[in-house]
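One structure is given here, and the rest of the page talks about it.
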Amino acid sequence: MNLKGTKIIAIGEREGVTGPSLEILARSAGAEVILGFTQCFV
Amino acid sequence: MSPALLHAAYALTHAPDLVRYGSKPRRELSKHPGLDAELQNALRDWDDAVAYPPNQTFVGNLTPDDLRSRPQPWWQHPVVDAPSEGPFGPIMTQAGLYGLLKAVDDFNLIVLGQPLAEEACADLKGRVDLGGRLGSVQGVTPGELAKMVEAEAGLPLFHRGQLAAFIRRAHPEDDTLKAEVLLENLACKATAALALFRALKDGPIKPDDVDYLFNTGEEAVGDRYQRGAGSLAKAVAEVVGCQHATGIDLKAFCASPVHGLVIAAGLVQAEVFDHMVVLGGGSLAKLGMKFRGHLGSGVPIMEDMLGSMAFVIGPSNGRDPEFRLDAIGKLPIGAGSSPKAIYQALVIDPLERRGLKMTDVDRYAVELHNPEITLPAGGADVPLTNYRTLGALAVLRGEIEREQIDAFAAQRGMPGFAPTQGHIPAGVPFLGHARLAMLNGEMTRVMVVAKGSLFLGRMTQLVDGASFLLERP
């Protein structure tokens with residue numbers, strides 16, 4: 001996937017994929033991460 | 001000397017009239033006062049709370065496998081003639097809770113109305129013995145109570161929807177000593193004392209035999225200069241008469257109980273202490289946490305229970321399950337935060353140190369949140385998600401085939417049955433069941449895995465986790 005030129009807000013979840021993991025994925029696809037964090041829904 | 005789990009006690013306390021003081025309901029009701037009637041109408045009565053199958057599982061009258069075989073939704077299929085006592089501990093009434101709040105209150109913060117005090121004494125009689133403290137469970141007249149609520153700074157407390165008690169603010173300016181915070185702290189203390197009382201009444205050691213305690217509850221007891229200073233462990237031990245003990249509070253969000261058990265087992269193995277207790281009281285702040293979702297889905301508000309627990313750790317007697325300290329899991333800072341990285345650190349690494357495969361573990365106890373509470377609020381079936389992730393790891397390791405992931409989850413997992421009280425569901429609700437199964441020779445090895453959302457405190461983006469392996473000797 002090519003996300004070059006895309007700005008990303010990465011909202012992860014503790015019991016799934018966390019924010020920092022999503023940020024790594026987004027950056028590896030060329031995106032700019034403008035905000036990233038993890039939520040806890042339990 | 002190997003450390004062993006000598007006893008596991010649990011308690012549930014029904015607190016429907018305190019749901020309004022849970023963090024989420026309190027905030028929502030202040031913004032939308034019209035929600036109050038809707039919330040009140042969706043609360044469960046005592047009989048429904050006792051007969052609720054996950055609650056019966058928590059106190060040991062059903063096993064997790066029994067629960068899985070029961071028809072769902074569980075709230076529509078109650079246990080017939082369900083008792084309010086289980087092999088692991090009691091389910092306590094709300095009146096009993098108010099009595100306990102008064103009994104553990106050393107600063108005259110709680111004032112009960114006379115009718116509630118009488119009901120509390122009747123409910124506590126024969127179920128919990130806190131020495132002379134139950135003598136303090138006395139009330140004032142309804143007129144005196146009403147005047148107090150009018151004149152003093154604090155919070156009115158309700159029973160069956162009616163004004164029945166009051167809690168004072170303890171300092172005019174200190175927000176760590178305001179009535180809402182003190183109520184949370186006292187609720188944690190009271191429910192932890194209930195579990196500890198039960199652990200020492202039913203377990204192999206007496207209060208005088210306890211050397212040291214860790215409290216792993218969620219409350220931050222302290223003052224304006226030192227929030228979260230502690231020590232609720234010592235305060236609870238005092239209530240139950242552990243005259244030779246002291247203790248501290250451990251903090252790692254919901255992973256605290258597993259950290260506490262690991263350290264306690266280590267201290268017993270090192271012969272620093274003979275007998276330790278790891279405690280956790282109930283989280284009042286989390287009552288009604290998902291109530292908007294429950295109202296929207298037309299299900300009862302099932303976050304009306306305070307959970308609590310007390311685990312006794314001591315030298316192995318050759319019968320009770322032993323902690324394998326050569327298979328402790330921790331989540332190092334450098335581990336990464338993907339599910340694979342987390343489970344590599346918490347599950348695979350400790351097993352490999354023992355030369356074990358994932359399929360050598362009979363059961364994994366993960367985050368055991370009751371899905372009937374999380375799903376209507378838009379959340380996931382948290383245990384199932386965890387078990388599928390573990391199953392996927394077993395596929396990657398070549399231990400099972402891809403088609404066997406669901407079977408792995410069913411065979412080595414269990415349905416969630418714990419109230420959504422953070423540290424309470426964090427793997428440890430299974431310890432009572434695991435201990436009995438191992439004593440009966442039905443299980444050999446159980447792994448308990450917990451996670452903590454450190455990022456919620458805004459000091460780090462990291463997740464925490466801890467695990468341990470329990471084995472039949």
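Check segment B:340-355 and report whether any residue there is outside any helix (DSSP H, G or I), farther than 14 Å from B:V448 by Cα, without any contact (Cβ under 8 Å) to a residue 40 or more places away in the chain and away from chain A (no Cβ under 14 Å). Checked segment B:340-355: at least one residue is outside any helix (DSSP H, G or I), farther than 14 Å from B:V448 by Cα, without any contact (Cβ under 8 Å) to a residue 40 or more places away in the chain and away from chain A (no Cβ under 14 Å). Just one of the numbered conditions (1) surrounded by fewer than 18 Cβ atoms within 10 Å (Cβ to Cβ); (2) within 22 Å of B:F88 (Cβ to Cβ); (3) of a type in the set (S, T, Y) is not true of B:S30: (2). Selection within segment B:364-373: residues that are in contact with a helix residue (DSSP H, G or I) (Cβ under 6 Å, 6 or more places away or on another chain) and either under 22 Å from B:F323 (Cα atoms) or among the β-branched types (V, I, T) (or both). The member of this set that is nearest to the other protein chains (Cβ to nearest Cβ) is B:E367. Could you tell me whether segment B:307-330 includes any residue that is within 13 Å of another protein chain (Cβ to nearest Cβ) and under 30 Å from B:K24 (Cα atoms)? No, because not a single residue in segment B:307-330 is within 13 Å of another protein chain (Cβ to nearest Cβ) and under 30 Å from B:K24 (Cα atoms). Of all the residues in segment B:453-463, those that are of a type outside the set (A, V, I, L, M, F, W, C) and within 9 Å of chain A (Cβ to nearest Cβ) number 2. Test B:A466 against the stated conditions and say whether it is at pLDDT 95 or above, away from chain A (no Cβ under 14 Å) and touching a His at 6+ places or on another chain (Cβ under 8 Å). Against the criterion (at pLDDT 95 or above, away from chain A (no Cβ under 14 Å) and touching a His at 6+ places or on another chain (Cβ under 8 Å)), B:A466 qualifies. Can you find a residue that is away from chain A (no Cβ under 14 Å), in contact with an Asp or Glu (Cβ under 7 Å, 6 or more places away or on another chain) and in a helix (DSSP H, G or I) anywhere in segment B:427-436? Yes, because at least one residue in segment B:427-436 is away from chain A (no Cβ under 14 Å), in contact with an Asp or Glu (Cβ under 7 Å, 6 or more places away or on another chain) and in a helix (DSSP H, G or I). Any residue at all in segment B:292-304 that is of a type in the set (S, T, Y), under 30 Å from B:L35 (Cβ atoms), out of contact with any His (no Cβ under 6 Å at 6 or more places or on another chain) and more than 12 Å from chain A (Cβ to nearest Cβ)? Yes, segment B:292-304 has at least one match.
Does any residue of segment A:14-22 turn out to be within 12 Å of chain B (Cβ to nearest Cβ), within 22 Å of B:R388 (Cα to Cα) and of a type in the set (D, E, K, R)? Checked segment A:14-22: at least one residue is within 12 Å of chain B (Cβ to nearest Cβ), within 22 Å of B:R388 (Cα to Cα) and of a type in the set (D, E, K, R).
Taking first residues from segment B:50-65 that are farther than 14 Å from B:T13 by Cβ and partners that are among the small types (G, A, S) and in a helix (DSSP H, G or I), the Cβ contacts under 6 Å between residues at least 6 apart in sequence or on separate chains come to B:G60/B:G432. The helices (runs of 4 or more DSSP H) located wholly in segment B:23-103 that include 2 or more residues which are within 30 Å of B:L155 (Cα to Cα) occupy B:23-31, B:35-41, B:46-51, B:94-103. Restricting attention to segment A:23-32, the residues being among the charged types (D, E, K, R) and either within 14 Å of chain B (Cβ to nearest Cβ) or surrounded by 16 or more Cβ atoms within 10 Å (Cβ to Cβ) (or both) number 1.
The values are calculated or read from the model by the stated rules, or taken from the named source; none is laboratory data. Keep in mind it's a predicted model, so treat the numbers as computed, not measured. Backbone-built Cβ (ideal geometry, glycine too); neighbour counts: all protein chains shown.
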